[in-house]
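The values are calculated or read from the model by the stated rules, or taken from the named source; none is laboratory data. Please read these numbers as outputs of a predicted model, since none were measured by experiment. All Cβ positions, glycine included, derive from the backbone under ideal geometry; neighbour counts span all protein chains shown.
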Amino acid sequence: MKFRIHDLQNYLTKKINGEKIAQTLTLKSFETTYKNNVLDIDILPNRFSDCASFIGLAKEISAVSDNNVVLPKINFLETKQKINKNIKVINRLQSNIVPYYFYRIILNINNKKSETKLADLLNFYGFNNINYLVDLSNFVMLECGAPLHIFDLDKIDEFIEVRTAYQGERFLSFDDKEYILQGNEIVIADAKDILALAGIKGGKKAAVTLQTKNIFIEGAVFNPASIYSTSKQLNIKTEASFRFEKGIAPTSVIYSLDRLTTLIYNNLGGDILINKNAQIKFNDKIINFNFEEIYNLSGCKIEFNEFQNIIKKLGITIKRNHRNKIFQLIIPNERLDINNSYDIVEEIIRIYGLDKITPKFECFENNISPKQNFEFIDFLRNFTIKSSFTESFSYNLISEKDLSIFKSLLNGKPIKIYNPLSENYSFFQFSLIPNLVKAIISNQKNFTDIKLFNIEKIAFWQNNKIIEKYSYAIAIGKKNIDDIFLELKGFLNLLMNELKIDYLLSIQDNENFYFAIMHNKKNIGTFGFLNKYVLNLIDSDINIGFVELDLDLIYDLSKKEKIFNPLPQFPSIIRDLSFFINRKISVHQIEKILLSHKVDYLKKIELKDIYLPLDNKDTKSVTYRFYFQSDERTLTDEEINQCLVKIINILKNQLNIEIR
Amino acid sequence: MLKDILKNILDQGKKDILMCRTLEELENIKIKYLSRKSELMSLSKNFSQLKPNEKKEIGNLFNLVKNTLIKTYEEQKQRLDKISINFDPEHPGKQINIGREHLLTNSLVKIRNIFINLGFNIYDYHQIVNEKENFDYLNIPRNHPARDLWDTLWIENKNKKSDYLLRTHTTAFQHYILTKYRPPLRFATIGKVFRYEATDKSHDFEFYQIDALSLSETTNLQNLKYTIEKFFINFFHKDIKIRFRPSYFPFVEPGLEVDINCIFCNNKKCATCKFSGWIEVAGAGMIHPSVLAQAKIDYKKYRGFAFGIGIDRLIMLKHNINDIRILHSSDLRFINQF
């Protein structure tokens, strides 16, 4: 909010130094900048009720600097004549919705255009000049903080009623806009029509014009939440709604009402009706405060004298010394933000100086150590980087198109965003693959072999519950699909060996070339390639393959601690064996059979080569390397040859191989 | 005269030959000292003009120089033959492909470690939370204007707005921690938050925050200042000073804005700090008694501090990145720089 220095100066005894007060306010109250005699102040939302006015800000300036406030005089006389022009006012709403509804009636006014000085002031603060009466009520809002509303008394039918709107009821505002109401809005109405949308906007019917003679001034407090939701619902934001939704103190309303009455009386004349309604006495706002709380919360040792000086500046008075160092403090009624001892400490400490808080180490035993998977995630990340994959960034939101392309990776129902920023970000990711694939495509221009990975949250609905968990995925983008397969498979083997998890690939989705990664009949992830159709759809020139693993599952399955294996004492001896075998027999089958027979001294088998002869489409040539080793001695050639014969026999009998 | 020249040639020649590090260099040196056009060989042409007694002496010396140089050359050649490999030292070598960590994750891990060192437990919490955790428990009731401070992305269920949302701040973990664990406690969480917000150079709808809280019978604002200051010193590896300013967050009281002295100009005022000398980096305060009460914690006995820091901007400041969209990218031209 912007304030001209000379508008504030009227309410302070000492001269304001703009540059200096801006600095002080920034450190003690609100972020403030100063330029060309104008203070631009970012008033905090909870201080709007007491500070968003000339008087309120003058009080704040006097609290943080050496200055004193002068309040404008309230001086008007109520008429002694008995005039039968009073109007019945009915408040039909509960006190939590409309806690206070004050008003004042003034008759026989000569309304006119505003003087230049007032008109200029209002223009600076963003108000149009309407006529003297309306301009004065806007001025009082700026000066004292409370939004008041003036109705033309002669245009009101029978009575004033504060009620909620009927569903579908129409309201015509002063600027000729029609609103159809839903039925929960607070309105000010007469016997026939809605006169105003309470706290938000005035209506056309009883609007004040230059011809207005008799007026009804409303000063009310409305429930901030009601004003906020109506203003949001109808999308009307006005200076008044902005203030009401942050809360208005009833004392400010009374003061504003008196101030406006004074200004009208002195500038436009008129007869003020006697009104007991606006002569209410408010109870003191009292908070019990323990002086020790200052030290407890801030760690600052403030002397009692200093405490007394500070609360005096804030307009807080000590009502009673309760017990030792426990006080009953009387808080100014307009300070809606002060409600407990924390609030009082905040006030004291900011005036005292937040810069006087010295950093201090806090020492206590913090022996709770929740078990989470950070270490495992770090391990996975490092392991994958070591294997030359680069970590990508991903947004956690994906598009409808991503959903349709990668639907088979979804394990439940997708989580849809109710109010998405755009179609591109309308679902929470249920797999890391859509964004990894996008990352590969965006790098295609500049790089050829792209290897990326990501560890992030995925989420989906399952049995009406939201499941949110970490996922782990790698992807390779490259021209040659065989290379991608071998690299992905090699890496997956390496990782699963490291984690000591057995797994098998089983075809999951033929059309998409997706394999399920299975462990003990449990699906722990997906291994897949994008087919030509998808590659075309997403505009990729290269092939893309990926592996995605359920991070929580592999974390649970993995061996947590590694155990040392003694180093072998005797050398291992290597023999290679090449043979032809039926093409349909998978390498996995060969290995399974070899491992199911106990061959002496055989420690390890390793696939060295697969070759598909062009002249025979039914067979393939496979080369295996066998490692033999004994824990007791160095093996002889003869022993190894015997073992090899045994292996050959097994393979011949069970898989019908032919030695090359 | 001639004697001195020969001796010089011998000394210099031996030295040059032994200095050779490649066979190629050695051959060049051989040409310099032992070819027909070399200084040594051209000297021999003048021998005929010498007196006979000089001729003998010089001749012997000449032969000695020549033979010594040849011998040195042969020895050096043998030595180089053994050690030299044929390569071009200027060749860039084979390109090694390595994987790299994303700058963001790398920074998140560093930040996590700083908090562990400051004595905090790190707790990873959901990104999808309910309305209560994100707002109500934090003293931000429905229809409160304070909700406008956090533009929210809501989750849909059965074609309607549900009670679930993408957390708008990591502070959403607070109620869970306060109800699950008993004081004294010290916790921090690091992660993504989401806002319904248009994207530009300095805003994105997904970004990272850290939230920390400490709760004990003695926790106060001094401890808060210590923790925040130490965090920034460790993050920037610089002597950072922090400044508190009054602010408002519904879940803390007092509410504070935290500034650090500008790391670029050291309070001398520059464009980065908008000529103020300070950069706003965090929101902080003492946990509001009603937040503690909601978690059934005796707020007369226990006090706590809490603060939240936006991480992306700190990383951008530290590494001089001027567009958050680059930080939030998978562009390998960016990732490979770190």
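If the condition is being more than 59 Å from the chain's Cα centre (by Cα) and either surrounded by 12 or more Cβ atoms within 10 Å (Cβ to Cβ) or not assigned by TED's automatic domain parsing to the domain that holds A:Gln654 (or both), then region A:593-622 contributes A:His597, A:Val599, A:Asp600, A:Tyr601, A:Leu602, A:Pro613, A:Thr619, A:Lys620, A:Ser621. The requirement of being within 23 Å of A:Phe307 (Cα to Cα) and within 35 Å of the chain's Cα centre (by Cα) is satisfied by A:Val64. Do we have B:Ile335 as of a type outside the set (S, T, N, Q), more than 11 Å from chain A (Cβ to nearest Cβ) and within 28 Å of B:Ile240 (Cβ to Cβ) here? No, not satisfied. So which of B:Leu314, B:Leu327, B:Leu332 is out of contact with any strand residue (DSSP E or B) (no Cβ under 6 Å at 6 or more places or on another chain), under 30 Å from A:Gly299 (Cβ atoms) and not aromatic (Phe, Trp, Tyr)? Of B:Leu314, B:Leu327, B:Leu332, the one residue that is out of contact with any strand residue (DSSP E or B) (no Cβ under 6 Å at 6 or more places or on another chain), under 30 Å from A:Gly299 (Cβ atoms) and not aromatic (Phe, Trp, Tyr) is B:Leu314. Residues that are in a helix (DSSP H, G or I), of a type in the set (Gly, Ala, Ser) and not assigned by TED's automatic domain parsing to the domain that holds A:Glu60 occur at least once in region A:133-152. Look at region B:266-288: where a residue is under 17 Å from B:Tyr226 (Cβ atoms) and a partner is surrounded by fewer than 20 Cβ atoms within 10 Å (Cβ to Cβ) and basic (Lys, Arg), sitting 6+ places away or on another chain with Cβ atoms under 9 Å, you get B:Val281/B:Arg313.
When the residues of region A:34-66 are filtered to those that are touching a helix residue (DSSP H, G or I) at 6+ places or on another chain (Cβ under 6 Å) and among the polar types (S, T, N, Q), the one that is nearest to A:Glu346 (Cα to Cα) is A:Ser65.
Can you find a residue that is assigned to a strand (DSSP E or B), surrounded by 15 or more Cβ atoms within 10 Å (Cβ to Cβ), away from chain B (no Cβ under 11 Å) and not acidic (Asp, Glu) anywhere in region A:428-448? No: zero hits.
For region A:29-95, list the strands (runs of 3 or more DSSP E) that sit wholly inside it and hold at least 2 residues that are free of Cβ contacts under 8 Å to residues at least 40 places away in the same chain; which are they? First the steps, then the outcome.
On the way: elements: A:32-35, A:38-41, A:88-91.
Per the criteria, A:32-35, A:38-41.
Within region A:468-506, the residues that satisfy the criterion of being in a strand (DSSP E or B), more than 16 Å from A:Ile385 (Cβ to Cβ) and either touching a helix residue (DSSP H, G or I) at 6+ places or on another chain (Cβ under 6 Å) or modelled with pLDDT of 95 or more (or both) are A:Glu468, A:Lys469, A:Tyr470, A:Ser471, A:Gly477, A:Lys478.
Of the residues A:Asn411, A:Asn366, only one is away from chain B (no Cβ under 12 Å), more than 24 Å from B:Arg195 (Cβ to Cβ) and assigned to a loop (DSSP other than H, G, I, E, B); which?
When all the criteria are applied, what remains is A:Asn411.
Among A:Lys285, A:Lys312, A:Lys237, which is within 14 Å of chain B (Cβ to nearest Cβ), among the basic types (Lys, Arg) and out of contact with any Phe, Trp or Tyr (no Cβ under 7 Å at 6 or more places or on another chain)? When all the criteria are applied, what remains is A:Lys237. Checking each residue in region A:42-88 for being of a type in the set (A, V, I, L, M) and at pLDDT below 90 picks out A:Leu77, A:Ile83, A:Ile87. When the helices (runs of 4 or more DSSP H) confined to region A:171-282 are screened for residues that are under 17 Å from A:Ile160 (Cβ atoms), those reaching at least 1 such residues are found at A:250-268.
For the subset of region A:467-493 comprising residues that are surrounded by fewer than 20 Cβ atoms within 10 Å (Cβ to Cβ) and within 11 Å of another protein chain (Cβ to nearest Cβ), which member is farthest from B:Ile335 (Cα to Cα)? Among them, the one singled out is A:Ile467.
For region A:391-406, the criterion of being at the interface with chain B (Cβ under 7 Å from one of its Cβ atoms), charged (D, E, K, R) and touching a Phe, Trp or Tyr at 6+ places or on another chain (Cβ under 7 Å) is met by at least one residue. Residues of region A:329-363 that are more than 7 Å from chain B (Cβ to nearest Cβ), touching a helix residue (DSSP H, G or I) at 6+ places or on another chain (Cβ under 9 Å) and assigned to a loop (DSSP other than H, G, I, E, B): A:Pro332, A:Asn333, A:Glu334, A:Arg335, A:Leu336, A:Asp337, A:Ile338, A:Gly353. Filtering region B:225-235 for residues that are more than 18 Å from A:Leu27 (Cβ to Cβ) and modelled with pLDDT under 95 leaves an empty set.
Remark: A:Ile585 matches the filter, which requires a residue to be outside any helix (DSSP H, G or I), under 25 Å from A:Leu486 (Cα atoms), touching a residue at least 40 places away in the same chain (Cβ under 8 Å) and among the β-branched types (Val, Ile, Thr). Among the residues of this structure, A:Ile647 does not count as one that is closer than 22 Å to A:Leu486 by Cβ and not in a strand (DSSP E or B).
Considering only residues that are small (Gly, Ala, Ser) and either out of contact with any Pro (no Cβ under 9 Å at 6 or more places or on another chain) or within 11 Å of A:Phe428 (Cβ to Cβ) (or both), which ones fall in region A:386-402?
Those that are small (Gly, Ala, Ser) and either out of contact with any Pro (no Cβ under 9 Å at 6 or more places or on another chain) or within 11 Å of A:Phe428 (Cβ to Cβ) (or both): A:Ser387, A:Ser388, A:Ser392.
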